[in-house]
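Single-structure report; data block below.
Each value in this text was obtained by applying a stated rule to the coordinates, not by laboratory testing. Small disclaimer: the values here were computed from a predicted structure and weren't measured. When we count neighbours, we look across all protein chains shown, and the Cβ atoms used for this are built from the backbone with ideal geometry, even at glycine.
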Amino acid sequence: MARDGDINEPTREFPGYPTGEALKERSAVTTEPEPGAPPPAGGPVRGLLWVLGAAALAVVVLLGVQATGLLPDFRNPFAKEQTDRSQPPLLKSIQDLSRYVAAEGNFQVVVDLQNDRRNVPDWLLSQRTLFVGAGSVEAYVDFAKISEGAVVESADGKSVEIRLPAPQLGKTNLDLEKSYVFAEERGLLNRVGELVKGDPNRQQQVYQLAEERITTAARDSGLTQRAEENTRKMLEGLLRSLGYEKVTVTYTAP
């Protein structure tokens, strides 16, 4: 049985607990890692965050300086470049024109063209193009074709009669900037063939068909009659300003 004086003394079975002063001394002592021990886990992560933060700050500063215009624009090293190796234009001929363009019609046509093979399914071999074509046609009077004696003046000099050739339609001008392919469907073999051997003139047939449709529409639109009226008004105003009281304009058969 233990004595009363030895009750609070530590033994090997019941070691003593540290007091408040001992805990303060332990907390004041900084422990150093043992040789060969791995470094604390927070060090590399904290360093990586510092690097990312510095890079982000540098990007923000550069963008801000560029926005203020203090530095020239930054060039993208992978920017798209275009090289023009076209040859200079070659003048082949010069032609004097004596046409009076009296009217112009602007047209739009939708071409739905399909090329396929008989007894072959469309998904295998077929090509369908939906093309929206925009073009213009001019109606003109060729003054170079005015024959001798086409201008007849009256004896008193107060009236004049002019016989002109009938107005003609010019060549259809297909505007490629306003024309576009709306939809296109191709079969499996058509796609494979384009990968192996492309056809740069694949749309040429569609362009020609659009020009033919516009030319036909111009002939049926009364464009030449409009050119007759405009030419007559132009000559009447011009000749009346020269002193003629009566001006008669007629057209010969085309």
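Annotations
- Between ALA54 and GLU177, the modelled labels are 5.3 nm apart [label points 7 Å from Cα along Cα→Cβ].
- If you plug the beta carbon distance of ASN106 and SER159 into 1/(1 + (r/R0)^6) with R0 = 45 Å, you get a FRET efficiency near 0.75.
- Once the Cα-Cα distance is subtracted from the 0.36 nm per residue extended length, the THR250 to ARG99 segment shows a gain of 52.7 nm.
- Label point at ILE146 placed 7 Å out along Cα→Cβ; residues across region 237-254 whose backbone nitrogen lies under 12 Å: 238-239, 249-250
- In this structure, LEU242 and ASN115 have a Cβ-Cβ separation that, at R0 = 51 Å, corresponds to a calculated FRET efficiency of about 0.30.
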